[in-house]
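This report refers to the structure that appears directly beneath it.
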């Protein structure tokens, strides 16, 4: 079955639960390649390391010789996964979904071998369902079962609205498994209800129920909540190497081992060794964090970029110098209002956000902190604008 991979690592790294584990082990022993499904809704343009946890597991099955099936939810994204939400998601239009999905394959290709990946879009079958098909799908679950969904029951208990279309989401996700004949579905541990629904739906359509593998999720850079674009605590796959390294270095020390295992793919032996060293306080947590951050950057940008990110971080944060390489922005000479400058160059989203950032001391010109957003800034060639802790821009004058 191609390149081998230790079965125990395949079934344990980052895994919180398997349904049905004995059945899955028996399937693996038979040696037949499994169809391993992962569904991702394109609700935003960028993927992050939280998405990468399940993508890396899909890659592990792919390396072991199984068929990776990536289902891009261009239909279900228009409903929005209700899991963990205290209100319905804002419905996305087909055009918005198309824009979001456009870069997904490029990002997924940083992890999966796309030449060997079966990529499907669920509008192919969900968009073709007729009323009679939806009625049959609804027979796979009772109202009592649907309301057992933790999110749905919580909404009802707190008096929050629960829309009928949201109840269909787990059933549509389950029908994805029927359409692609999944043997195994991967999902985050917060997706328990949705991925288990696929087993019931498959039974209704006379298919052998898929096994389910639930994985731990990555806590975001804030150290408190699951990594999420809506929370703003992500490390994106498209982040520049310096940004990716810097964000990882900013995580709380308590998350180092989680990131080592789930995001950097460190071996179990290495993680155990680091755990012992941290417990005995024989190693500085910062040193381990630096190794983890470097390995994460290398995974997505290559070793050379990782080395440059380490050197750049040291130059900025330890030597207190500007990085040697940074993006260039073109400006006309003369005086500029700083909020307008930041917005026009798409460095910040709005003038109000720019003003807040300046007042909080988050903008520096040639290493000098600017706190008065009303004072014009005189632009010269080569001037360096620093925004936050990790973003630097060099000015190039244009006539």
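Every read-out reported here was derived from the displayed coordinates using simple, explicitly stated rules and does not represent laboratory data. Keep in mind that this is a model prediction, so the values were computed, not measured. When we count neighbours, we look across all protein chains shown, and the Cβ atoms used for this are built from the backbone with ideal geometry, even at glycine.
Structure notes:
- Fewest-first ranking of 372, 253, 74, using other Cβ atoms within 10 Å as the exposure measure: 372, 253, 74
- Our summary gives segment 241-317 a relative contact order of 45 percent, counting only alpha carbon pairs under 8 angstrom and 6 or more residues apart.
- 16 Å cut-off, amide nitrogen to a point 7 angstrom out along residue 394 Cα→Cβ, residues in segment 311-344: 312-313, 315-316, 321-331
- For the chain, DSSP calls about 45 percent of its internal beta bridges antiparallel.
- Extension gain from residue 29 to residue 353, taking 0.36 nm per residue of separation minus the Cα-Cα distance: 111.0 nm
- GNM flexibility winner over the chain from 112, 28, 299 (Cα, springs under 10 Å): 28
- Here residue 190 and residue 375 are evaluated by their C-beta separation; at R0 = 51 Å the FRET efficiency comes out at 0.60.
- Bridges between two residues of segment 7-215, per DSSP, are antiparallel at a rate of about 20%.
- Model label points for residue 340 and residue 110, set 7 angstrom from Cα along the Cα-to-Cβ axis, are 3.6 nm apart.
- Fully extending the segment from residue 134 to residue 325, taken as 0.36 nm per residue of separation minus the present Cα-Cα distance, adds 63.2 nm.
- Taking 249, 326 and counting other C-beta atoms within 10 Å, the order from fewest to most: 326, 249
- Mean residue ellipticity (222 nm) of the chain, computed from DSSP H runs ≥ 4 via -39,500 (n - 2.57), nearest 500: -12500 deg cm²/dmol
- A protection proxy built from the mean count of other Cβ atoms within 10 Å ranks the segments 327-333, 103-109, most packed first, as 103-109, 327-333.
- The alpha carbons of the chain stretch over 72, 49, 42 Å along the principal axes, in descending order.
- Cα gyration tensor, segment 328-397 - rounded (a/c under 1.5), prolate or oblate: rounded
- Each Cα pair under 8 Å and six or more residues apart adds its sequence gap; the mean of these over the residue count of segment 328-397 is a relative contact order of 39 percent.
- Each residue, residue 145 and residue 158, gets one label point 7 Å from its Cα in the Cβ direction; the gap between the two is 2.7 nm.
- Segment 164-222: C-alpha gyration tensor shape, a/c 1.5 cut-off, then a/b vs b/c: oblate
- Pair residue 282, residue 102: separation of 7 Å Cα→Cβ label points (nm): 5.4
- Exposure proxy ranking, count of Cβ atoms within 10 Å, fewest first, for 189, 57: 189, 57
- Over the chain, Cα pairs under 8 Å with separation of 6+ residues give a relative contact order of 14 percent.
- Protection-proxy order for peptides 208-217, 225-234, each taking the mean of Cβ atoms within 10 Å per residue, highest first: 208-217, 225-234
- Gain upon complete extension [residue 222, residue 269; 0.36 nm per residue less C-alpha separation]: 14.2 nm
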